[in-house]
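Peer 1: Structure in structure tokens, see below.
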Amino acid sequence: MPTVAGSSTFTISATPGAVTAALPPVVQSFTVVISAAPTVTINVPSTGVAATQPSATVVLSGIYPQDITGTMTLTFAPISGIPQNSYDAKFGTGGTTAQFTIPAGNTSASVPVIIGTVAGTITITTTTSLTSAPIVSTIPVSSTVPVITGVTPGAVTSGGFSISVTGRSTPRDM
């Protein structure tokens, strides 16, 4: 298998057993062109939004004649400094590592990213069978105002009542 792009010309000559005017040698030149491998880029959102599911997409600059395989590895650093939980950010495939394949003749493959409800930075490191160095992409998840997702009334007593409020705070400061 070729490892470098470029072209090479060669000649094939066929000579009959006895060269005569009626049977001259046949000479044919051929040129083989090896195209450069397509470049690989990773498309991720420029800003992540809490509680959404965008995709990380591996994109080739052109069609490639073989399957391209790869791995994405996700890490998350919350701005609060509180250690990461498994629900802060992960791939839609479940976990922090996802395998992908770009089939021969195609130019992209996508892996869903589940963004939790915590502000911080998602880092995705991608390796492929076509690239020698990993490609690193980041998705900053900004702090937002707290969100109330539910209110449940509780018991009423002679001294008052209780109420349960659920929600989320992206900086984890409530």
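Peer 1: Identify the single condition in (1) over 30 Å from the mean Cα position of the chain (by Cα); (2) open to solvent by less than 60 Å² (accessible area, probe 1.4 Å) that Ala77 does not satisfy, given that it satisfies every other one.
Peer 2: (1)
Peer 1: Taking the residues in region 85-105 that are in a strand (DSSP E or B) and open to solvent by 50 Å² or more (accessible area, probe 1.4 Å) as candidates, determine which candidate is modelled with the lowest pLDDT.
Peer 2: The residue in question is Lys90.
Peer 1: Restricting the search to region 128-174, which residues are aliphatic (A, V, I, L, M), more than 28 Å from Val118 (Cβ to Cβ) and open to solvent by 90 Å² or more (accessible area, probe 1.4 Å)?
Peer 2: Across region 128-174, the qualifying residue is only Val156.
Peer 1: Val145 passes all but one of (1) part of a loop (DSSP other than H, G, I, E, B); (2) farther than 27 Å from Val49 by Cα; (3) modelled with pLDDT under 95; which number fails?
Peer 2: Only one criterion is unmet by Val145, namely (2).
Peer 1: Determine if region 28-45 includes at least one residue that is exposed (fewer than 10 other Cβ atoms within 10 Å of the Cβ) and not in a strand (DSSP E or B).
Peer 2: Checked against the condition, which is being exposed (fewer than 10 other Cβ atoms within 10 Å of the Cβ) and not in a strand (DSSP E or B), region 28-45 yields no hits at all.
The values are calculated or read from the model by the stated rules, or taken from the named source; none is laboratory data. Here the structure is a predicted model, which means the values were calculated and not measured. Counting neighbours? That spans all protein chains shown, and the Cβs are built from the backbone with ideal geometry, glycine included. In case anyone asks, the SASA skips ligands and DNA or RNA and just uses the protein heavy atoms, side chains included. Shrake-Rupley method; radii C 1.70, N 1.55, O 1.52, S 1.80 Å.
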